[in-house]
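S.K.: Sharing a structure with you now.
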Amino acid sequence: MGVRRVEARPRYAVSDDRDLWERLRVADEDALADLFHRHSDAVYNFAFRRTSSWASAEDVVQATFVALWRRARAGKVDRLTLDTARPLLLVMAGYEAGNVLRASRRQAALTDRIELIDHTGTVPDHSADAAARVDDERSMSQTRRLLDRIPAKQREVVELVVWSECSIAEAARALGVPEGTVKSRLARARTRLAGLLDLGTTEGLE
Amino acid sequence: MTRQIPAERPLPHKTVILDRVLADTDEKRGRKTWLLPVVAAASIAVVATGALTVPSMLKSDPGPAGKGGSSATTTTPKPADNTVSVDRGSLTEAQAKAFATECIKWVGSHDIPGQTFETAPLDWPGMGAKIGKIRHATKVTDSDRSTDWTVAVDSGGRTYACDGTITTKDPDGRVRRNYTFTTFSRKYPDGLGGSGDTAGSIGKPDGTLTGFSSSRWVTAGPGVTTVQRRMVMKGKPGPWFTTDVVDGLAYIRSWSSVTLRLGDKARVETRRLDKDGNVVGPVVTDRRIVVKGRSGDGYTALDFDK
């Protein structure tokens, strides 16, 4: 079948995520498109911080919204209990990032088997933007190694609250845990990573 | 000094990605089945991966059909054995040449900064090797009923092989590469030859694993006309997935939708048949799997060869 093209539309000031989400629940294509335009950047950057790869992050964005769209078409999207869908989409992206990373690791392992017969090839030119992206990926990869010093549940709170600027309440709802749990996880993460990663202040955690 | 994270960037190719999302109609290609986490799903997705077969991980297992196990031994399979053919015909000569040309590009390739396997340019200096002979140019089905291509290329005394789909460019000109490259080895001690196997699974947020798949190339010995592979999940064998030998080679896939939980075990078996349907040589178990607990990075993992 052909690819359907949906034009970008102006944001509706009167339409919050709850309205869009209700329309999404009955598989409204325009609602999905609006949600995509609202939150795809946030999902993209969340996924980059999880995967340390801009290319993988693109794949995660697509996989996340494909999964959402399939659920919507199957009538299996629950009601939105937050004002914004962003925290939920980020948690979903976290699941998808796992599978994208799995595929990447498998591919990397396979390419390790390539015999290096000819080393005379030269590297093509890269634009400044491409170089900056590579720098980003190296930097993020180093940051992830630091973040790996703390447990996964603390990491995901850092990713949601500190890096993606979700509120404590939003993160708690999206993760299905009490707000106090989010606060304590974040506080422990800040203690463990003090001096290593900039995780902001303790404001709001008391 | 504390480390900062890189600045955010806008998602590129928004319209293209959205088009792809909305064009998705094939439910069978779904990669996972998790429930939308409106108020739940606190844990990070479970991920499991199989990758390469390390020679030390391979074990020859006589198995019920191959007891006695030398290559000269033949055993007639039980009539009740359930089989599923993965063969879907041959590539045309033009398809075979195109896929072989794409496949052999990875011989002599090297990392390109800023590029991944999936996005590396179609051509770059120094890549590729001369095609000696093209073998096993066939089509095979996958667990989602999609069709992939396979091809093996002899070059410089070695054999390289690829399975997947021919490389394309998407509407905005980006390379979309979706095949697996592998190099044959003579080192595998299990007698199957070919390549190490590739295995994978799909993790779910509840900590279970499903969607297991495993595939490998096999170099067929004398008299072998068919290769079969099956997955034995928690002691219960699945069907034998079957492929015909073409040009002395076989590419066999197997899969299972059984769900495994922490501590569950599974294995993958491969056997070879002659033209009369007799088993030739031992049944080889070239994957042993145990579902481990969550690792330090939060992902549940498979442990192989336990």
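The values are calculated or read from the model by the stated rules, or taken from the named source; none is laboratory data. Nothing here was measured: the structure is a model prediction, and the numbers come from that model. When we count neighbours, we look across all protein chains shown, and the Cβ atoms used for this are built from the backbone with ideal geometry, even at glycine. The area values use the complete protein model at the heavy-atom level, side chains included, leaving out ligands, DNA and RNA. Shrake-Rupley method; radii C 1.70, N 1.55, O 1.52, S 1.80 Å.
S.K.: When the residues of region A:177-198 are filtered to those that are within 8 Å of another protein chain (Cβ to nearest Cβ) and touching a residue at least 12 places away in the same chain (Cβ under 8 Å), which remaining residue is surrounded by the most Cβ atoms within 10 Å (Cβ to Cβ)? Let's see the steps before the verdict.
M.R.: Within region A:177-198, the first condition is being within 8 Å of another protein chain (Cβ to nearest Cβ), and the residues that meet it are A:177, A:195-198.
From what is left, the residues that are touching a residue at least 12 places away in the same chain (Cβ under 8 Å) are A:196-197.
On the way: A:L196: 14, A:L197: 22.
Checked region A:177-198; the qualifying residue surrounded by the most Cβ atoms within 10 Å (Cβ to Cβ) is A:L197.
S.K.: Kindly indicate which of A:A108, A:A103, A:A174 is at pLDDT below 90, in the same structural domain as A:F46 (by TED's automatic domain parsing) and surrounded by 15 or more Cβ atoms within 10 Å (Cβ to Cβ).
M.R.: Working: A:A108 fails: surrounded by 15 or more Cβ atoms within 10 Å (Cβ to Cβ); A:A174 fails: in the same structural domain as A:F46 (by TED's automatic domain parsing).
Selected residue: A:A103, the only one of A:A108, A:A103, A:A174 that is at pLDDT below 90, in the same structural domain as A:F46 (by TED's automatic domain parsing) and surrounded by 15 or more Cβ atoms within 10 Å (Cβ to Cβ).
S.K.: Go through region B:268-283 and report how many residues are basic (K, R) and buried (at least 23 other Cβ atoms within 10 Å of the Cβ). Show your work before the answer.
M.R.: Start the filter on region B:268-283 by keeping residues that are basic (K, R), which leaves B:271-272, B:275.
Those left that are additionally buried (at least 23 other Cβ atoms within 10 Å of the Cβ): B:271-272.
Counting residues in region B:268-283 that are basic (K, R) and buried (at least 23 other Cβ atoms within 10 Å of the Cβ) gives 2.
S.K.: Tell me which residues, restricted to region B:94-149, are over 18 Å from B:R177 (Cα atoms), among the charged types (D, E, K, R) and modelled with pLDDT of 90 or more.
M.R.: B:K133, B:R135
Conditions tested, residue by residue: (1) open to solvent by 30 Å² or more (accessible area, probe 1.4 Å); (2) acidic (D, E); (3) at pLDDT 85 or above.
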position	(1), (2), (3)
B:T219	yes, no, yes
B:V227	no, no, yes
B:P239	yes, no, yes
B:D244	yes, yes, yes
B:R294	yes, no, no
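S.K.: Separate question: Can you tell me which of (1) touching a residue at least 40 places away in the same chain (Cβ under 8 Å); (2) facing chain B (nearest Cβ under 10 Å); (3) within 15 Å of the chain's Cα centre (by Cα) is the one A:V60 doesn't meet?
M.R.: Result: A:V60 passes all but (2).
S.K.: Mind checking which residues of region A:47-82 are among the basic types (K, R) and part of a helix (DSSP H, G or I)? Even if it seems obvious, please write down each step before you answer.
M.R.: Residues of region A:47-82 that are among the basic types (K, R), as a first pass: A:49-50, A:70-71, A:73, A:76, A:79.
Within region A:47-82, A:R49, A:R50, A:R70, A:R71, A:R73 meet the criteria.
S.K.: Are there any pairs with C-beta distances below 9 angstrom linking a residue in region B:95-106 that is in a helix (DSSP H, G or I) to a residue that is at pLDDT 90 or above and of a type in the set (F, W, Y), with the two at least 6 apart or on different chains, and if so which?
M.R.: B:Q95/B:W149; B:A96/B:W149; B:F99/B:W149
S.K.: Does B:L192 satisfy the criteria of being aliphatic (A, V, I, L, M), under 20 Å from B:I289 (Cβ atoms) and open to solvent by less than 10 Å² (accessible area, probe 1.4 Å)? Even if it seems obvious, please write down each step before you answer.
M.R.: On the way: aliphatic (A, V, I, L, M): yes; under 20 Å from B:I289 (Cβ atoms): yes; open to solvent by less than 10 Å² (accessible area, probe 1.4 Å): yes.
Spelling it out, B:L192 is indeed aliphatic (A, V, I, L, M), under 20 Å from B:I289 (Cβ atoms) and open to solvent by less than 10 Å² (accessible area, probe 1.4 Å).
S.K.: A follow-up question, please. Within the group A:A152, A:A132, A:A187, which residue is under 19 Å from the mean Cα position of the chain (by Cα) and not aromatic (F, W, Y)?
M.R.: Numbers: A:A132 fails: under 19 Å from the mean Cα position of the chain (by Cα); A:A187 fails: under 19 Å from the mean Cα position of the chain (by Cα).
The match here is A:A152.
S.K.: Can you tell me which residue within region B:150-175, out of those that are modelled with pLDDT under 75 and in contact with a strand residue (DSSP E or B) (Cβ under 8 Å, 6 or more places away or on another chain), is farthest from the other protein chains (Cβ to nearest Cβ)? Walk me through how you get there before you give the answer.
M.R.: Within region B:150-175, the subset modelled with pLDDT under 75 is B:169-175.
After this cut, where a residue has to be in contact with a strand residue (DSSP E or B) (Cβ under 8 Å, 6 or more places away or on another chain) as well, the list is B:169-170, B:175.
Numbers: B:K169: 14, B:D170: 10, B:V175: 11 Å.
Among those that are modelled with pLDDT under 75 and in contact with a strand residue (DSSP E or B) (Cβ under 8 Å, 6 or more places away or on another chain), it is B:K169.
S.K.: So how many residues does region A:147-167 have that are open to solvent by 30 Å² or more (accessible area, probe 1.4 Å) and aliphatic (A, V, I, L, M)?
M.R.: Within region A:147-167, the first condition is being open to solvent by 30 Å² or more (accessible area, probe 1.4 Å), and the residues that meet it are A:148-149, A:151, A:153, A:162, A:165, A:167.
Filter once more, so that each one left must be aliphatic (A, V, I, L, M): A:162.
Residues that pass the stated criteria total 1.
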